[in-house]
1. Please state which of the following conditions T231 fails to meet, knowing it meets all the rest: (1) out of contact with any Asp or Glu (no Cβ under 7 Å at 6 or more places or on another chain); (2) crowded, with 18+ Cβ neighbours inside 10 Å; (3) part of a loop (DSSP other than H, G, I, E, B).
2. Checking I211 against (1) out of contact with any strand residue (DSSP E or B) (no Cβ under 7 Å at 6 or more places or on another chain); (2) at pLDDT 95 or above; (3) surrounded by 19 or more Cβ atoms within 10 Å (Cβ to Cβ), only one condition comes out false. Which one?
3. For the subset of segment 252-298 comprising residues that are more than 24 Å from A221 (Cα to Cα) and of a type in the set (S, T, N, Q), which member is nearest to the ligand (Cβ to nearest atom)?
4. Among the listed residues E237, E227, identify the single one that is acidic (D, E), modelled with pLDDT of 95 or more, within 16 Å of the ligand (Cβ to nearest atom) and closer than 22 Å to Q125 by Cα.
5. Looking only at segment 154-169, which residues are surrounded by 14 or more Cβ atoms within 10 Å (Cβ to Cβ) and in a helix (DSSP H, G or I)?
6. Assess whether F91 counts as being touching a Phe, Trp or Tyr at 6+ places or on another chain (Cβ under 8 Å), under 20 Å from A205 (Cα atoms) and not polar (S, T, N, Q).
7. Within segment 180-227, which residues are assigned to a helix (DSSP H, G or I) and more than 16 Å from the chain's Cα centre (by Cα)?
8. Please enumerate the residues belonging to segment 181-204 that are within 16 Å of the ligand (Cβ to nearest atom), surrounded by fewer than 24 Cβ atoms within 10 Å (Cβ to Cβ) and hydroxyl-bearing (S, T, Y).
Amino acid sequence: MGYCVLIFLIGITGCSPEEPISEIKNFKAETAENFIAATLKISSGVTNHESGNYTISDFEDLSEENCSITEFGLVFFGYFQDFLQDPYFDFNLMNYYLDLHQKYVTHYRGENYFGENGEYNQLAQKRIRELTMFWNLRREIIVNGQHTASLDDLQILADMIESFDNSIRNREEAYNKAASLLKINALSSNLPESPYFALDAFTKANGLLVIGDGLIESIAAIGVDDEIVFTAIIAHEWWHQAQYEYSTNWNESQGLSKPEASRFIELEADFAAAYFMTHKRGATYNWKRIEDFFKLSFNIGDCLPQSNTHHGTPEQRLNAARLGYELVDIAQKKGFVLSPEEVHSFFIKNLERVY
Ligand SMILES: [Zn+2]
C-alpha cells in the first residue's frame, strides 16, 4: 500500500483518490534492525517502505545540511529505546496494532475527544468552528481523534478486531482475542501506551481528518506549545480539504512527478495553515510562535526529495509558512479573509520564494 497524493489535483494514476494524504508514517517492522532503519526514516519525515529492506542509499540524503537527525528524530529514538528495553514488546503485535488502529480511525464515526484526557476538546471545537467559517468549504468535514487508550479498551479493541482482522469469524472470537491481548498490554509498559500507537495524522477525499494524540505529544516533547501543535495540524489538514474541493481548477501540479506534486501540495498546506493561524479571524497567533513551530518541528519536513510523499525540506516549509504570514500582513485589512482561490493564486505567484 503506497500513499499517494490528490489524484484529482495532480492527475497521476496508480493510486485511488480514496487513499489518504498522510503527514507522517508510522512504520511496520519485523525486527529491531528494521525498526532502527525505519526510525531513521521517520525522523526525517516519510518513506515509501512498508517494512524493512532499507539500504545505505536510503539514508544518504539525510547527510545534507539541515537534514540531520534533530530533536524530533530523537523523540522517536526514545520510543524505540523503550521498546527494546521492554521484555513484553513484540514487533508483530506492534504492526498488528498499527494496522488495526489506522483502519479504526478511518472508519469510525461518532463522538470524539481530542487529547488523551480530552484536554484539547474545547480547542478542537473552537478551531473547527473557525476553520469552517474561514475557508467556507462546501464539504462536510469529520475530525477523528486517535488515542492509545482505544487499544487498551476491551470493547473498542474487540470492535476493531471483529471489523478488520480477517482471521476472526465472529464477535465471540474477537472478544477472546481482545481479552488475551489486554493481558499482554498489562505486562508491557509500551503496548499500547507509547505515543507511537496514536501517531496518525492524515486526511481523505471524503472529508475525514485524523489527528493522533501521539503526534501532538511527540512535537510538544521538543518544546512547541501543544495548542499550537494541534492548531497547526488541523489547519494544515483542512487546507488539504480545500485542495480536494478545488481540484478541478487547481491544476498547477499536473505533469509534475509524484515527489514534486507532493511537495507542492504540502508546502501550500503549510502556507495556508500559517495564513489561518496568524489571521485575526483565524487563530490570531503572533508570527513568532508560528515560526517556532516550523523551526522546531523541522524534521516533519523531510529531506528525501525522491519520496512520493515528499513534504518539502524544513527550510521550504518555513518559507511557505512565512509567506502565509506575509499574506495576512500584506492584506492589512486584518478582518478581511481571502477566499481559498485568492490564497491559492498568491501562493502560485510567489512560489519562487518558497522553493
Ligand atoms: Zn499534508
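1. The one condition T231 does not meet is (3).
2. Going through the list (1) out of contact with any strand residue (DSSP E or B) (no Cβ under 7 Å at 6 or more places or on another chain); (2) at pLDDT 95 or above; (3) surrounded by 19 or more Cβ atoms within 10 Å (Cβ to Cβ), I211 breaks only (1).
3. So the residue we want is S262.
4. Values: E227 fails: within 16 Å of the ligand (Cβ to nearest atom).
After ruling out the rest, the residue left standing is E237.
5. Let us first name the residues in segment 154-169 that are surrounded by 14 or more Cβ atoms within 10 Å (Cβ to Cβ), namely 156-165, 168.
Once the filter is applied, which keeps residues that are surrounded by 14 or more Cβ atoms within 10 Å (Cβ to Cβ) and in a helix (DSSP H, G or I), segment 154-169 yields I156, L157, A158, D159, M160, I161, E162, S163, F164.
6. Working: touching a Phe, Trp or Tyr at 6+ places or on another chain (Cβ under 8 Å): yes; under 20 Å from A205 (Cα atoms): no; not polar (S, T, N, Q): yes.
Answer is no for this residue.
7. Kept after step one, since they are assigned to a helix (DSSP H, G or I), are these residues of segment 180-227: 180-187, 195-198, 213-220, 226-227.
The answer is S180, L181, L182, K183, I184, N185, A186, L187.
8. Scanning segment 181-204 gives no hits.
The values are calculated or read from the model by the stated rules, or taken from the named source; none is laboratory data. The structure presented is a predicted model; accordingly, all values stated were derived computationally and were not measured. Neighbour counts run over all protein chains shown; Cβ positions are idealised from the backbone, glycine included.
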